[in-house]
1. What ranking, highest mean first, results for peptides 3-9, 51-57 when packing means the other Cβ atoms within 10 Å averaged over each residue?
2. Using θ = phi - 60° and the Karplus curve 6.51 cos²θ - 1.76 cosθ + 1.60, what whole-Hz ³J(HN,Hα) does each residue of the stretch 339-348 get, with Gly and Pro shown as x?
3. Dipole of the stretch 6-230, Cα-centred, from +1 at each Lys and Arg C-beta and -1 at each Asp and Glu C-beta, to the nearest 20 debye?
4. Among the listed pairs LYS75/LYS107; LYS115/LYS345; LYS75/LYS191; LYS191/LYS346; LYS287/LYS345, which are separated by more than 23 Å between their Cα atoms?
5. So for the stretch 6-230, what are the equivalent ellipsoid semi-axes in whole Å, largest first, each being the square root of 5 times an eigenvalue of the Cα gyration tensor?
Amino acid sequence: MGSRHKILLLDDDPELLETFQLLLSRLPSEPEIHTANNGPRAMAMMEAEPYRLLICDLKMPKMDGLQVLSIVRRKHPEMRTVALTSLLDEQYRSRAYALGVDLFWHKPNSEQEIKMFLECLESLLGRDEDSGFRGVQSKSLVDIIQLECISQNSAVLRITNGPLTGKIWIQEGEIIASETQDLHGEPAFTKILSWKAGGFEQLPAEPTRERTIFKSYNGLLLETAQAIDELASGPKPEADPDAPISPLSQISQIEGIEFVLAMKDGEDKHDVARGLENPERMAQWAKETVARFRELGDRLHAGGLERIEGLGPQRNVTLAGQGETEFCLGWKTSMNTDQMREMTKKVFSLWAS
């Protein structure tokens, strides 16, 4: 078994140091956690031994976190860095990313935020150094975009790949535009995501930017990944322009839909997904949920299960069946239950066609 990674946690608040030390002990890779309560002490510790990751509070007396991160980037460029703050200040965020931090994170409060934070840290600890984008070192561009969208941020991402430069505009967690060279909209987005490494910079949001991309970010990322895979596998026979568009492609264009997962049971079980990065996990959750509700319905003699609807902070969900196919549909949070039911009927109609 290889040696354990070392994490240095820097914060001037002793109670927060203790709290985050306990949180970091939940990381699956079980790294060694070291702490420092001021910048000079942290710099001395980094000179004495190598650390894989520095987690640094930004607001500290005498030597603040931005000063520490600036020195670390010059003296220890291989070290992963995380800026941690309780301040909702875009200027801090922009300055931290300009210094090349791998992750900028508001101190998590809820269990969901803690879970996401720990997953990001584990990813930083485990990634190889020969890929990824500087500015969010060792993270893929898809990771970067998903973090921005999940956090419902507004920003402009400027990406460089040698002499090439591209931009992606995000407004309140939605990808609204992209451009590189003479490409705009979805073609530009696909081109940028085909870059395997490069430089990354976050610029202030541009609320007045004209929208040229209208798909949900999940659907857009999945379709882009499929397009890149097809390009990598070489040219394919020219498509028949008169060939019918697949039901799944039509469903993914329905207003308000975030993702669609179609599931069949039996020996020839097959799950078809659009807009999901991890359809297997979602399919398992959906099937278990439907099974539990059906069992509950049987015990209560309530009749057959028609539909399950859930409203959440990031998206709404519908679980429903048609024939031998069970569907898990994700909707934007702006959709109410009446709209979800109406659009679910449209999904069934397109699928049956």
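1. 51-57, 3-9
2. 5, 4, 5, 5, 6, 5, 4, 5, 4, 4
3. 540
4. In this structure, LYS75/LYS107; LYS115/LYS345; LYS75/LYS191; LYS191/LYS346 lie more than 23 Å apart at Cα.
5. The answer is 32, 17, 17 Å, longest axis first.
A short reminder: the numbers here are calculations on the coordinates, not readings from a lab. Everything numeric here is computed off the predicted structure, so don't read it as measured data. Methodologically, a virtual Cβ is constructed for each residue, glycine included, from the backbone with ideal geometry; neighbour enumeration extends over all protein chains shown.
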